[in-house]
Amino acid sequence: MILIDTNIFLEMLLGRSKAEQCKALLDMISEGRAESAVTHFSIHSVEAIMRKNAGELTSFLRALDQTVGLYVFDTTLADEVSASILTGTTKLDFDDAIQYYAAKKLGAAAIVSFDHDFDDLDIPRLEPHQIRTAGRES
């Protein structure tokens, strides 16, 4: 299982420079060719950023709901306390600590993100094109 960070969804939704590799990864997940997770925190972050584009946001949420290979991780208050403690023992801010905590709790093999703050952790950070390559080689 891989954990998908917020920036992967935003890269695609906002049409940024790496949108195509993000779309390819998300297509692979939606087809059930990769097991993945996303935090509900990430979904709320996307909702906050996309709030002025209701049509695109609705399409995004419907697509997530129908994605076969995607598990949505809901944090409890206890999970969020644990994540906040991680901000004191790592260089992560709270947003990233939630992702890292969820990845640890789920036993994720990697965090898929463009955020280099995940680089010095005990779970590898991979970019979407690396997941696609790994999938073709195995």
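Read-outs: derived from the displayed coordinates by stated rules, not from any lab. Not measured: the values here are computed from a predicted model. With ideal geometry, Cβ positions are generated from the backbone for all residues, glycine too; neighbour counts draw on all protein chains shown.
Conditions first: (1) surrounded by 14 or more Cβ atoms within 10 Å (Cβ to Cβ); (2) over 24 Å from Pro124 (Cα atoms). Leu92 passes all but one, so which condition is the exception?
The single condition Leu92 does not satisfy is (2).
Tell me, yes or no, whether the range 64-85 has at least one residue that is in contact with a helix residue (DSSP H, G or I) (Cβ under 7 Å, 6 or more places away or on another chain), without any contact (Cβ under 8 Å) to a residue 12 or more places away in the chain and assigned to a helix (DSSP H, G or I).
No - not one qualifying residue is present in the range 64-85.
Can you spot a residue in the range 49-60 that is surrounded by 17 or more Cβ atoms within 10 Å (Cβ to Cβ) and under 19 Å from Met1 (Cβ atoms)?
No - not one qualifying residue is present in the range 49-60.
Restricting to the range 95-118, give me the number of residues that are among the charged types (D, E, K, R) and surrounded by 22 or more Cβ atoms within 10 Å (Cβ to Cβ). Reasoning before the result, please.
Restricting attention to the range 95-118, the residues satisfying the condition of being among the charged types (D, E, K, R) are 95-96, 104-105, 115, 117.
When the remaining residues are screened for being surrounded by 22 or more Cβ atoms within 10 Å (Cβ to Cβ), the result is 96.
The number of residues fulfilling the criteria is 1.
Counting just the residues of the range 89-123 that are in a helix (DSSP H, G or I) and of a type in the set (Phe, Trp, Tyr), which one comes out farthest from Phe73 (Cα to Cα)? Steps first, answer last, please.
Restricting attention to the range 89-123, the residues satisfying the condition of being in a helix (DSSP H, G or I) are 89, 94-106, 116-118.
Imposing the further condition that a residue be of a type in the set (Phe, Trp, Tyr) reduces the set to 94, 100-101, 118.
Numbers: Phe94: 16, Tyr100: 12, Tyr101: 11, Phe118: 19 Å.
That would be Phe118.
For Glu56, state whether it is of a type outside the set (Val, Ile, Thr) and free of Cβ contacts under 8 Å to residues at least 60 places away in the same chain. Break it down stepwise before answering.
Working: of a type outside the set (Val, Ile, Thr): yes; free of Cβ contacts under 8 Å to residues at least 60 places away in the same chain: yes.
The answer is yes for Glu56.
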